[in-house]
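Structure first, then comments.
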Amino acid sequence: MARHTETQRLKWALIISAVYFFAELIAGFLTNSLALLSDAGHMLSDIGALALSLFAFRVAKRPATHNSTYGYHRVEILAALFNGLTLWLIVGVIFTSAFYRMFNPPAVESAGMIVVAVFGLLVNIVAAMILHAGHHHNLNMRGAFLHVMSDAVGSVGAIAAGAIMLTTGWYLADPLISIFIGALILFSSWSLIKDSLSVLMQSVPKGIRLDDVRATIEAVDGVNKVHDLHVWAVTSDIYTLSAHAVVESGGDFHQVLNGIEQTLKARFNIEHTTIQLETESREELEFKDF
């Protein structure tokens, strides 16, 4: 149900962004504004990011196979990483264009630029509101949301540049504000790329401390010690754990195992667990498969 809702949000945001992109692109050429053209280019990246996120959700729904036993959930993380890297590519294009314009800033039709940028800001605000609910717990949605929010910042920058040029005639404001927009995009996309790489590297999920997990398991009745503990994320909201738990000899292994699984689910939302139980004595080592 959650994935269906997120898919619908992405569809609406994609439609809104696609309609406005063409209007902004044409206006950018007519007004000769780099800020507006860079904003239109960013809007195009939004369309690609939203389409990729939508595609990733569809692929992730596919069932697991004999070769892909975890299914295709990681496609969402790959989409998030790709979206983060495309933001960096856009920043590179903006910086390059701004650098050349700083030496010979051309005249810009500032009034038209402001009008189009205001409409662009409104479109981005609507799209961001649509995507906002799902971006906290899903990296794929966060990637799409960041594209839209970065574009909203671009629209604000275009409005500011237009206002400065309209009132002062200082056309250097256009490339300077474009550089500022690029820096903001670079900063905002860093956490997306870092978190995506963290999932792909099977690091401990954000918000979970391994020591807390160990202490929680060892607090279950019948568990003496935990070792070989590993926690990682298959995707944003699907966590997996494997561990060896040393238990008391003669205890009810089923009860201990159920206690561990229920506790992990309630405390850390970890539902996929592989727990190997063993007794204290190596001579009486017992491995139980459940």
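Points to keep in mind about this one:
- In region 9-28, the count of residues that are more than 20 Å from residue 152 (Cβ to Cβ) and surrounded by 15 or more Cβ atoms within 10 Å (Cβ to Cβ) is zero.
- When residue 55 is tested against the conditions (1) modelled with pLDDT under 85; (2) under 16 Å from residue 141 (Cα atoms), the lone failure is (1).
For (1) part of a loop (DSSP other than H, G, I, E, B); (2) out of contact with any strand residue (DSSP E or B) (no Cβ under 7 Å at 6 or more places or on another chain); (3) hydroxyl-bearing (Ser, Thr, Tyr); (4) crowded, with 19+ Cβ neighbours inside 10 Å, each residue gets a yes or a no:
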position	(1), (2), (3), (4)
96	no, yes, yes, no
100	no, yes, yes, no
106	yes, yes, no, no
116	no, yes, no, yes
126	no, yes, no, no
131	no, yes, no, yes
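- Scanning region 185-202 for residues that are out of contact with any helix residue (DSSP H, G or I) (no Cβ under 9 Å at 6 or more places or on another chain) and modelled with pLDDT under 90 gives a single hit, 187.
- Evaluated against (1) surrounded by fewer than 19 Cβ atoms within 10 Å (Cβ to Cβ); (2) in a helix (DSSP H, G or I); (3) in contact with a helix residue (DSSP H, G or I) (Cβ under 9 Å, 6 or more places away or on another chain), residue 75 falls short on exactly one condition, (1).
- Residue match in region 203-210 (condition: over 19 Å from residue 155 (Cβ atoms), at pLDDT below 90 and loosely packed, with under 14 Cβ neighbours inside 10 Å): yes
- Looking across 69, 31, one residue alone is under 30 Å from residue 113 (Cα atoms) and either in contact with a strand residue (DSSP E or B) (Cβ under 7 Å, 6 or more places away or on another chain) or assigned by TED's automatic domain parsing to the domain that holds residue 139 (or both). It is 31.
- Annotation: of all residues in region 168-202 being of a type in the set (D, E, K, R) and surrounded by 14 or more Cβ atoms within 10 Å (Cβ to Cβ), the one that is nearest to residue 268 (Cα to Cα) is 195.
- Some residue of region 14-23 being at pLDDT below 85 and on the phi > 0 side of the Ramachandran plot: no
The values are calculated or read from the model by the stated rules, or taken from the named source; none is laboratory data. The structure displayed is predicted, hence computed values, not measured ones. Using ideal geometry, Cβ is built from the backbone for each residue, glycine included, and neighbour counts are taken over all protein chains shown.
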